[in-house]
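Notes to accompany the following structure.
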Amino acid sequence: MYMEILDFDIVVLGSGIAGMTSAIHAELAAGEKLRIALVSKVHAMRSHSVSAEGGISGVLYPTENKDSVLLHGYDTVKGSDYLADQDAVEMLAENAPKEIKFFEHLGVPWNREENGRINERPFGGMSVPRTAFAADKTGFFMMRALYDEITLHKGVEIFHEYIVTALLMDRGRFVGLHAIGLKSGRQVLFRAKSCVIATGGFARIYGFATTSYSSTGDGIALAYRAGLPLKDMEFVQFHPTGLIPSGILITEAARGEGAYLRNSKGERFMERYAKSKMELAPRDIVARAIISEIEAGRGLRNKESGLEYVHLDLTHLDSRKIDEKLPMVRDITTKMLHLDPSKDLIPIRPASHFTMGGIHTNINGEVMAGPSGKTADGIWAVGECACVSVHGANRLGSNSLSQCAVWGRIVGTAIAKHAKGSWKITTEAARELSAEEENRITDLTERKGSEDPYEIMKEMQATLDKNLYVYKTVAGMKRAIKEMRKLRSRYADIYIKDKGSVYNTNLRDAIEIGNMLELAGVVAECAAARKESRGSHYVLEYPERNDKKWMKHTIAQRSIRGTRISYIPVRINKWRPEKRVY
Ligand SMILES: Cc1cc2nc3c(=O)[nH]c(=O)nc-3n(C[C@H](O)[C@H](O)[C@H](O)COP(=O)(O)OP(=O)(O)OC[C@H]3O[C@@H](n4cnc5c(N)ncnc54)[C@H](O)[C@@H]3O)c2cc1C
């Protein structure tokens, strides 16, 4: 089939909050002089970011809230179980307030206090209320504002529903992206001087997950396949309150507004695990507390799914507060379970939610070429797909949207400068690499394999749900590695039922499943290699954090023998590691 070639100065891969923010800042920095492509496998407004609920962190009123940038930094580093790079955390805390105001100017309707100030709510692991919000639909309103804004930027062309299948690099330099236009079935080569990867996380490798179905980690898998290093892939966050049996998120804002967690005896069990913070302890601690209660026989069981759970209790909250600040909680519980949160208890258990690991970048969002030293030419990564790292071993809720906004500006501005420089689009190498990828896709579609990719996905998710969940064991991690290897070799023999070209969702799904499988293997290998417990990574045989041996970032690179693991130091410039008590 004839391949289409499109030339741009910059290609931004992903149109969530991170991608759209980067594209807007690139254009603001360069004027309309640059041609920017914004490529998304779903319609831009269906990007996962629209489902962000509880809010965005940033110190807006230090005096009134008894807050400071320093305290935001400290909370984030402690929340990360001391694995975050502290200079990056300082950058996050310093710049987040400015970005909340930037979104205010774009038109986000932040909830306000009677005196007109932006309302900030408490969130897990934060010492004081510092999470700005637009009811419990923050992501939707931020995305709406970005989308309205971006359509005014004439230099940005949006390619909705183009799935990128390969990151093309020639001798360490970015040369283009290979994509399939889902509507036409045409394969496309996007050539550009530079690229921003903003493809989100990969929490969908698990079956019981809160994220959208498109959170399959494609950009991270593409980077890995192109030889680029990934960082801290073993750290997957389980959000304490995934609704039974679907996994749909009940936002942490519910606990921020005062909801309790109760076991089958009706006890507020968090007293046993985090006496001072209770339900607002960081997510890793709350998730472990829930599973501990269940394992101690103080949980309940859902007949339909067999899932065990505890209750989230909002019944003591004023019904008007639920309508004003948590309308989506009411919507979700009413529609999914016919429950009224003002009267009924909500069944929940921890669900895979966010991936702290991702593409290894430096503090400026430039993608690294190896564990340390040089950066890859012409590639940046931003948002959940990037590991800067500000979340370390455990992210604090509401710090992701600030990360997307802060590094969206940093990366957008830097990439505009790069594209305005003397770089030229590399034509021949891109065309050759793209032709190879075209053949691979054609072969994938036409081959007569015997394996159903959806079966492989189900088995992958079931294995991870069982063996790489809130509490891990050495045997479970080994089982997961073995199983992922088997599934990868079965994947090599898959068939695509739909041989058509228009909206071939069967082909798209198979590509995504291949990406998830690749990353699931890396997660399992990195997890098994880390012989300690830190943040979201808790191993029963190694229950303690071991700073002497393991205060280091994991780097994973693809090699012919599988995943090559190495380690680099954590940047600690302000807060000495302490015991994490809440
Ligand atoms: C239910 C839920 C609620 C949350 N609430 C909050 C919150 O209140 N506060 C907070 O801080 N965090 C929250 N988070 C986390 C936060 O939503 C995400 O971390 C953040 O939105 C990620 O944004 P992003 O721009 O990096 O990626 P995404 O929004 O995931 O966007 C990824 C983009 O990449 C595109 N893409 C991916 N692969 C390809 C491909 N192969 N080809 C082409 N395009 C591709 C997608 O189409 C999409 O446009 C929440 C998470 C969940 C699951």
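The values are calculated or read from the model by the stated rules, or taken from the named source; none is laboratory data. Note that this is a predicted model, so its numbers are computed, not measured. Cβ atoms come from the backbone with ideal geometry, glycine included; neighbour counts cover every protein chain shown.
Listed values, structure above:
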| item | result |
| --- | --- |
| Condition met for Ala475 (under 28 Å from the mean Cα position of the chain (by Cα) and without any contact (Cβ under 8 Å) to a residue 40 or more places away in the chain) | yes |
| Residue count for the stretch 464-486, restricted to those that are farther than 19 Å from Tyr213 by Cβ and in a helix (DSSP H, G or I) | 15 |
| Filter result for Glu104 (farther than 13 Å from Asn399 by Cβ, in a helix (DSSP H, G or I) and of a type in the set (Asp, Glu)) | yes |
| Residue in the stretch 237-257 that is in contact with a Gly (Cβ under 7 Å, 6 or more places away or on another chain), assigned to a strand (DSSP E or B) and not assigned by TED's automatic domain parsing to the domain that holds Asp465 present | yes |
| Members of the stretch 190-210 found to be closer than 16 Å to Gly14 by Cα and either within 11 Å of the ligand (Cβ to nearest atom) or in a helix (DSSP H, G or I) (or both), listed by number | Phe190, Val196, Ile197, Ala198, Thr199, Gly200, Gly201, Phe202 |
| Candidates Ala351, Ala393 - the one that is assigned to a loop (DSSP other than H, G, I, E, B) and touching a His at 6+ places or on another chain (Cβ under 7 Å) | Ala393 |
| Pair list, Cβ < 7 Å and 6+ apart or interchain, from the stretch 217-234 residues that are at negative phi to residues that are acidic (Asp, Glu) | Asp218/Glu512; Ala221/Glu518; Tyr224/Glu518 |
| Residue within the stretch 227-242 that is farther than 30 Å from Asp318 by Cα and surrounded by fewer than 20 Cβ atoms within 10 Å (Cβ to Cβ) present | yes |
| Selection status of Trp423, in contact with a strand residue (DSSP E or B) (Cβ under 8 Å, 6 or more places away or on another chain) and either in the same structural domain as Val286 (by TED's automatic domain parsing) or at pLDDT below 95 (or both) | yes |
| Condition broken by Arg508, with the remaining ones in (1) in a helix (DSSP H, G or I); (2) over 30 Å from Ala289 (Cβ atoms); (3) free of Cβ contacts under 8 Å to residues at least 60 places away in the same chain satisfied | (3) |
| Selection within the stretch 119-133 - of a type outside the set (D, E, K, R) and surrounded by fewer than 24 Cβ atoms within 10 Å (Cβ to Cβ) | Asn119, Pro122, Ser127, Val128, Pro129 |
| Test: Ser501 is part of a loop (DSSP other than H, G, I, E, B) and either closer than 21 Å to Gly219 by Cβ or of a type in the set (Gly, Ala, Ser) (or both) | yes |
| Which listed residue is within 30 Å of Thr442 (Cβ to Cβ) and out of contact with any strand residue (DSSP E or B) (no Cβ under 6 Å at 6 or more places or on another chain), from Arg580, Arg571, Arg558 | Arg558 |
| Any hit, the stretch 295-317, residues being among the aromatic types (Phe, Trp, Tyr), touching a Pro at 6+ places or on another chain (Cβ under 6 Å) and not assigned by TED's automatic domain parsing to the domain that holds Val470 | yes |
| Identity of the residue in the stretch 47-99, in contact with a strand residue (DSSP E or B) (Cβ under 7 Å, 6 or more places away or on another chain) and either free of Cβ contacts under 8 Å to residues at least 12 places away in the same chain or of a type in the set (A, V, I, L, M) (or both), that ends up surrounded by the most Cβ atoms within 10 Å (Cβ to Cβ) | Ile56 |
| Set Ile379, Ile410, Ile415: member being among the β-branched types (Val, Ile, Thr), over 30 Å from Asp547 (Cα atoms) and outside any helix (DSSP H, G or I) | Ile379 |
| Failed item in (1) surrounded by 21 or more Cβ atoms within 10 Å (Cβ to Cβ); (2) closer than 30 Å to Ala281 by Cβ, with Leu168 passing the rest | (2) |
